Amino acid sequence: MPRWGTNNEPERKMRDQSNQSPAQTCGDLHAAGRDPPDSLRPSRLNRQDAARFLTQMGLPIAATTLAKKAVEGSGPPYAVWNGRALYSVDDLLKWAEAHLGPKFRNTTERRGRR
């Protein structure tokens, strides 16, 4: 039986990790070179988490920019739940990929395509 005041490290780690949003956890795994498991990958993210997710994936964007793009119709597709925009992770990644510029092998090649 555990005593009061003992250091229960696994329980503390679980408690600390639960304070992270799913987008933070996925971004941390991606930064470490690993894809997040499906169990950690949420199917929908609110606008703030969507911006955080894209930023952690190396595509910096603010939640306000996503809101502006939603008004303009140039942002990623989203659904509405209780008046809030919810973005599918797959839709965010497809949208970001479609808006990346062309790939280059060297700087000379890049200058020629401007």
Mind counting the residues in segment 79-88 that are in a loop (DSSP other than H, G, I, E, B) and closer than 20 Å to residue 100 by Cβ? 0
Considering only residues that are over 15 Å from residue 49 (Cβ atoms) and within 13 Å of the chain's Cα centre (by Cα), which ones fall in segment 61-94? 94
If you check every pair at least six apart or on different chains, which have Cβ atoms under 7 Å apart with a residue in segment 90-109 that is touching a residue at least 12 places away in the same chain (Cβ under 8 Å) first and a residue that is surrounded by 10 or more Cβ atoms within 10 Å (Cβ to Cβ) and assigned to a helix (DSSP H, G or I) second? 92/50; 92/53; 92/54; 96/54
Assess whether residue 90 counts as being touching a Ser or Thr at 6+ places or on another chain (Cβ under 9 Å), of a type in the set (D, E, K, R) and at pLDDT below 95. yes
Just to verify a result, which residue in segment 95-114, among those that are surrounded by 10 or more Cβ atoms within 10 Å (Cβ to Cβ) and hydrophobic (A, V, I, L, M, F, W, C), is farthest from the chain's Cα centre (by Cα)? 104
Within segment 50-78, which residues are of a type in the set (Gly, Ala, Ser), without any contact (Cβ under 8 Å) to a residue 40 or more places away in the chain and assigned to a helix (DSSP H, G or I)? 51, 63, 67, 70
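The values are calculated or read from the model by the stated rules, or taken from the named source; none is laboratory data. Given the structure is predicted, the values throughout are model-derived calculations rather than measurements. Cβ atoms come from the backbone with ideal geometry, glycine included; neighbour counts cover every protein chain shown.
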